[in-house]
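All remarks here apply to the structure that follows.
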Amino acid sequence: MKIATWNVNSIRTRRSLVCDWLEANPVDLLCVQETKVVDEDFPREPFESLGRHVYCAGQKSYNGVALFSRVPLENVEIGFGALLPEEIVGDLDDQKRAIAGTLNGVRVVDLYVPNGGEYDSDKYRYKLRWLEVLRKYIEVTLDKYDRLCICGDFNIAPDDRDIHTPPGNKPIVGTTPAEREALQEVLSLGLRDPFRKFTEEGGIFSWWDYRGGSFRRNRGWRIDHHYLTPELFDRTVSCTIDVEPRKLPKPSDHTPVIVEWKD
DNA sequence: ATGGCGTAACAATTACGA
């Protein structure tokens, strides 16, 4: 089983790039984020022509997540409200940041964690609240499913190896202790990072700013992750970042990350 | 301290990204 995650930064702009990648990299499931399109306008056809089943949850201009699967997914659910009561979810499902489905007995959750804006801003507090509700959502998910893979754009560098220049005294959103602890709270439910099963190296990234020649200089962040329950983690044979799409014309600022485990 | 670059909505400029 191969599952990829990729923040495409507009599925309409990146449609050919993503189709070409999917043809060359026939993963079982591709989870994308930042589709930036309402469901009625989602470009389903090019992906269906490649034999993919398309599931999407989008909104106008911002956010949006989608799944491209080789086999039909079971029990596709959108947002936290599918599992959590309204008094916990509040308005968090207004932004389309979570979609889940089951294939081959594995529950997969595709996430676009909020960016967080400036430190201590409303957006930063929204991110922390979202992560707190994510923990509850994953807790309930684990009650229902033994095998779980969550993946997506987490907008958090888990530790200082995962950012080109480690933060100094000034808080950098994506690296603050509160964000990292909130992520660890989710993972402490029983999830592990397969990327770190294969390398302890730093300086390996999945996102580079469009500005300032960041990609050329490898000034990036590793913010796109998979997290697996122990049995899947133990069966994992690789977790790789494919930098090639980032080199092509009109790229996304993120590049795909692929995990593979033995069936 | 600010902007760099790119996308969407909208029609020149603004919101957003991490």
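Descriptive notes on the structure:
- Residue count for the range A:1-15, restricted to those that are within 9 Å of DNA strand B (Cβ to nearest atom) and either surrounded by fewer than 18 Cβ atoms within 10 Å (Cβ to Cβ) or within 9 Å of A:GLU34 (Cα to Cα) (or both): 6
Conditions (1) in contact with a His (Cβ under 9 Å, 6 or more places away or on another chain); (2) at pLDDT 95 or above; (3) polar (S, T, N, Q), marked per residue:
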{"residue": "A:CYS149", "(1), (2), (3)": "yes, yes, no"}
{"residue": "A:GLY168", "(1), (2), (3)": "no, no, no"}
{"residue": "A:ASP193", "(1), (2), (3)": "yes, yes, no"}
{"residue": "A:SER206", "(1), (2), (3)": "yes, yes, yes"}
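- Test result for A:ASN63, touching a residue at least 40 places away in the same chain (Cβ under 8 Å), in contact with a Ser or Thr (Cβ under 9 Å, 6 or more places away or on another chain) and within 16 Å of DNA strand B (Cβ to nearest atom): yes
- For the range A:127-181, a tally of residues being part of a loop (DSSP other than H, G, I, E, B), over 13 Å from A:ARG222 (Cβ atoms) and within 11 Å of DNA strand B (Cβ to nearest atom) returns 3.
- Residue match in the range A:139-147 (condition: farther than 26 Å from A:GLU86 by Cβ and of a type outside the set (Gly, Ala, Ser)): yes
- Number of residues in the range A:187-226 that are within 27 Å of A:ALA100 (Cβ to Cβ), outside any helix (DSSP H, G or I) and touching a residue at least 12 places away in the same chain (Cβ under 8 Å): the value is 15.
- A:PRO46, sole failed condition from (1) more than 17 Å from A:CYS151 (Cβ to Cβ); (2) more than 16 Å from DNA strand B (Cβ to nearest atom): (2)
- Selection of the range A:207-248 for residues being within 9 Å of DNA strand B (Cβ to nearest atom) and surrounded by fewer than 13 Cβ atoms within 10 Å (Cβ to Cβ) yields A:TYR210, A:ARG211, A:GLY212, A:GLY213.
- Members of the range A:227-250 found to be touching a Leu at 6+ places or on another chain (Cβ under 7 Å) and assigned to a strand (DSSP E or B), listed by number: A:TYR227, A:LEU228, A:THR236
- Tallying residues that are in a loop (DSSP other than H, G, I, E, B) and under 18 Å from the mean Cα position of the chain (by Cα) within the range A:26-72 yields 11.
- Look at the range A:139-162: where a residue is without any contact (Cβ under 8 Å) to a residue 40 or more places away in the chain and a partner is outside any strand (DSSP E or B) and within 16 Å of DNA strand B (Cβ to nearest atom), sitting 6+ places away or on another chain with Cβ atoms under 8 Å, you get A:ASP159/A:ARG180.
- Residue match in the range A:254-262 (condition: in contact with a Lys or Arg (Cβ under 8 Å, 6 or more places away or on another chain), under 19 Å from A:ASN7 (Cα atoms), surrounded by fewer than 20 Cβ atoms within 10 Å (Cβ to Cβ) and modelled with pLDDT of 95 or more): yes
- Residue match in the range A:99-115 (condition: surrounded by fewer than 20 Cβ atoms within 10 Å (Cβ to Cβ), away from DNA strand B (no atom under 16 Å from the Cβ) and in a strand (DSSP E or B)): yes
- Residue count, the range A:225-245 (criterion: touching a Ser or Thr at 6+ places or on another chain (Cβ under 6 Å) and among the hydrophobic types (A, V, I, L, M, F, W, C)): 2
- Check on A:GLY81, more than 14 Å from A:CYS31 (Cα to Cα), away from DNA strand B (no atom under 16 Å from the Cβ) and either assigned to a loop (DSSP other than H, G, I, E, B) or of a type in the set (Gly, Ala, Ser) (or both): yes
The values are calculated or read from the model by the stated rules, or taken from the named source; none is laboratory data. Since the structure is predicted, the reported quantities are computational estimates derived from the model, not experimental observations. Cβ: placed from backbone, ideal geometry, glycine included. Neighbour counts: every protein chain shown.
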